[in-house]
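Novice: Following this message is one structure expressed as C-alpha cells.
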Amino acid sequence: MTKANNFQRIRDLNYLQQAVLAGALIERMLPNYGLFSEATGFGDETLLRNSLNVCWEKILLPKSKIDLEKQIEKIEPNVPELADFDMFGTYPAIDAATSLLSLMHGLMAQDEQEFISISKISQATVARFIEYQMTVEGEVADNKAIREHPLMQYEMEVLGELIDFVEAMGRITSDSIKALKKFALEDGQTNIGLSL
C-alpha cells in the first residue's frame, strides 16, 4: 500500500471514521510522551491520557456538554519547548501533544483536516526518529532511505490496517472503539517502535 493510497483512503472516510482513526493513532503516540515525561520530569502524561479519554467520549456522545476548550487549556502548558530539552525524545513528545490538540480542535470545529494531519504528524515522528538513528550510526538519511526503512514500512502497514479496521467498524459504539484501541496497541509498541 503506497503512502498516497493511505492518505486518499483517510480522505474517503467519513468525519466520525476520521476522528476515531486519529484517536487510534494518538493511542500509539501517547506513550512516547510518557517516556519523555519520565525521563525529564516535565509534563503530565495522566493529564494527556485523560484528555484523550474525553475526546473518545465526545466522539461517542457528540451532543454532550464536554468542554474541549478547557481540555486544550490544560494541555497547552504540557507541550514541551524544543529549546528547553537537549534530547531526541522531545520531538515525539511534542508530536503526541500536538496531535492531541489537533484532535480537540478538529472535534470542536468539526474540521476533518485536523484529523488527517494527525496521520501525517505520526509519520513525521517516525521519519524523524529514523533520521536521528541513521545519523547517529553515520548513515545518510535521505528520503529514499527513510521511506524504505523497516520502521517506516511498518508505520505505513499499521496505518493501512487501522484504516481497514475503521472501514469495517460499522456503527461507532463504545464497544467498537474499545476494539479499535485494543487493535491499535496490539503490537505492544509506540509508533516509533518503543515497547509499551
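The values are calculated or read from the model by the stated rules, or taken from the named source; none is laboratory data. Treat the numbers as computed from the prediction; the structure is a model and nothing was measured. Note that each Cβ is placed from the backbone with ideal geometry, even for glycine, and that neighbours are counted across all protein chains shown. For accessibility, only protein heavy atoms count, side chains too; no ligands or nucleic acids. Shrake-Rupley method; radii C 1.70, N 1.55, O 1.52, S 1.80 Å.
Every residue, every condition in (1) part of a helix (DSSP H, G or I); (2) touching a residue at least 60 places away in the same chain (Cβ under 8 Å); (3) open to solvent by 70 Å² or more (accessible area, probe 1.4 Å), yes or no:
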{"site": "Gly106", "(1), (2), (3)": "yes, yes, no"}
{"site": "Gln113", "(1), (2), (3)": "yes, no, yes"}
{"site": "Lys120", "(1), (2), (3)": "yes, yes, yes"}
{"site": "Thr125", "(1), (2), (3)": "yes, yes, no"}
{"site": "Phe129", "(1), (2), (3)": "yes, yes, no"}
{"site": "Tyr132", "(1), (2), (3)": "yes, no, yes"}
{"site": "Val140", "(1), (2), (3)": "no, no, yes"}
{"site": "Leu151", "(1), (2), (3)": "yes, no, no"}
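Novice: Looking only at region 57-78, filter to residues that are of a type in the set (A, V, I, L, M, F, W, C) and open to solvent by 30 Å² or more (accessible area, probe 1.4 Å); which one of those is nearest to Gln123 (Cα to Cα)? Even if it seems obvious, please write down each step before you answer.
Specialist: Of region 57-78, the ones of a type in the set (A, V, I, L, M, F, W, C) are 59-61, 66, 68, 72, 75.
Now drop any that are not open to solvent by 30 Å² or more (accessible area, probe 1.4 Å), which leaves 60-61, 66.
Values: Leu60: 26, Leu61: 29, Ile66: 30 Å.
Per the stated criteria, the residue is Leu60.
Novice: Please determine whether any residue of region 169-184 is under 14 Å from the mean Cα position of the chain (by Cα) and small (Gly, Ala, Ser).
Specialist: yes
Novice: Then there is this: Within region 164-173, can one find any residue that is at pLDDT 95 or above, open to solvent by 30 Å² or more (accessible area, probe 1.4 Å) and farther than 25 Å from Gln8 by Cβ?
Specialist: Yes, some residue in region 164-173 is at pLDDT 95 or above, open to solvent by 30 Å² or more (accessible area, probe 1.4 Å) and farther than 25 Å from Gln8 by Cβ.
Novice: Please find, among Asn50, Asn32, Asn5, the residue that is over 18 Å from Ile172 (Cβ atoms), at pLDDT below 95 and either assigned to a helix (DSSP H, G or I) or among the aromatic types (Phe, Trp, Tyr) (or both).
Specialist: Values: Asn50 fails: at pLDDT below 95; Asn32 fails: at pLDDT below 95.
Step by step, each of Asn50, Asn32, Asn5 is checked, and only Asn5 is over 18 Å from Ile172 (Cβ atoms), at pLDDT below 95 and either assigned to a helix (DSSP H, G or I) or among the aromatic types (Phe, Trp, Tyr) (or both).
Novice: Here's a check for you: in region 35-46, which residue that is open to solvent by 40 Å² or more (accessible area, probe 1.4 Å) and in a helix (DSSP H, G or I) is farthest from Thr190 (Cα to Cα)? Walk me through how you get there before you give the answer.
Specialist: So in region 35-46, the residues open to solvent by 40 Å² or more (accessible area, probe 1.4 Å) come out as 35, 38-42, 44-46.
Now narrow it down to the ones that are in a helix (DSSP H, G or I): 35, 38-40, 45-46.
Values: Leu35: 11, Glu38: 16, Ala39: 16, Thr40: 19, Glu45: 15, Thr46: 17 Å.
Going through the qualifying residues, I end up with Thr40.
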